[in-house]
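What follows draws every value from the coordinates through simple rules; no lab data is involved. Source: prediction; values computed, not measured. Every residue, glycine as well, gets a Cβ built from its backbone with ideal geometry; the counts of neighbours run over all protein chains shown.
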Amino acid sequence: MIEMTYLIQPPKRYTFEQPKLKRWVELHCRGKTLNLFAGKTLLNVDEFRVDSNEEMVADQYDDALHFVETTNMKFDTVILDPPYSLRKAYEKYNGHYIGSNWTRIRRALPKVLNNNAIVISLGYNSQGMSKTLGFEKIAICLVCHNGDHNDTIITVEKKIK
C-alpha cells in the first residue's frame, strides 16, 4: 500500500525553505543521503550535497549526471529536486536545464544506491524513478501551494531490483 499525504504549504523560492515539505522529506530519508540538486537549505539528515551552482551550499560542485556517473560513493537515500521547468532553471541555474539529461540521470542512479535504498523525487509529476528501472512507490505527497502556483508532487520509491 502507498502512503498518501496532502500538505498545504505557501511556496518559497527554494523547495526546502517550506517547513512542512522539508519535514516530510526528512522523515522519509534514511542513512547516508545524497541531495543531488542541493540548493541553499540544509536538511536535518546525514546529507552529502551536490550542486552545479557555486552560489548554493554543497559538499561538491558538479553536474548531476557527471557526479552520478563518476562517483564511487554509495547512498541509502537520494533526493532528486531539480528545477521543474525552464523558468525555474533560468531563475536558479542561469538557464542550465537538465531536461535532456533527466533520463540518463535516472538510469545511472542505481549504481550509487545501496541495497533497499530509496529515492525521493520532487516535481510537477509523479513519475519518479519508475517500475521499469526497478523501483516501487511507497509514498506520495501532494503539496498544494494555493493561488496560481503548481502543486509539488513528491514520490518515495524503494529499489526492488
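Just tell me the longest site-free run in the chain, where the sites are GluC sites (Glu not before Pro) in a DSSP loop having at most 13 other beta-carbon atoms within 10 Å.
56-161
List Asp59, Asp148, Asp81 from most exposed to least, where exposure is judged by having the fewest other Cβ atoms within 10 Å.
Arranged by neighbour count, lowest to highest, Asp59, Asp148, Asp81 become Asp148, Asp59, Asp81.
Determine which aspartates and glutamates satisfy two conditions relative to Lys12: a Cα distance under 15 Å, and not lying fewer than 8 residues away in the same chain.
Asp81, Glu91, Asp148, Asp151
Give me D for segment 1-62 in µm² s⁻¹, whole number, from Stokes-Einstein with Rh from the Kirkwood sum over alpha-carbon pairs, 37 °C and 0.692 mPa s.
The estimated diffusion coefficient comes to 260 µm²/s.
Which Rg and Dmax, in Å, describe the Cα atoms of the chain?
14.5, 43
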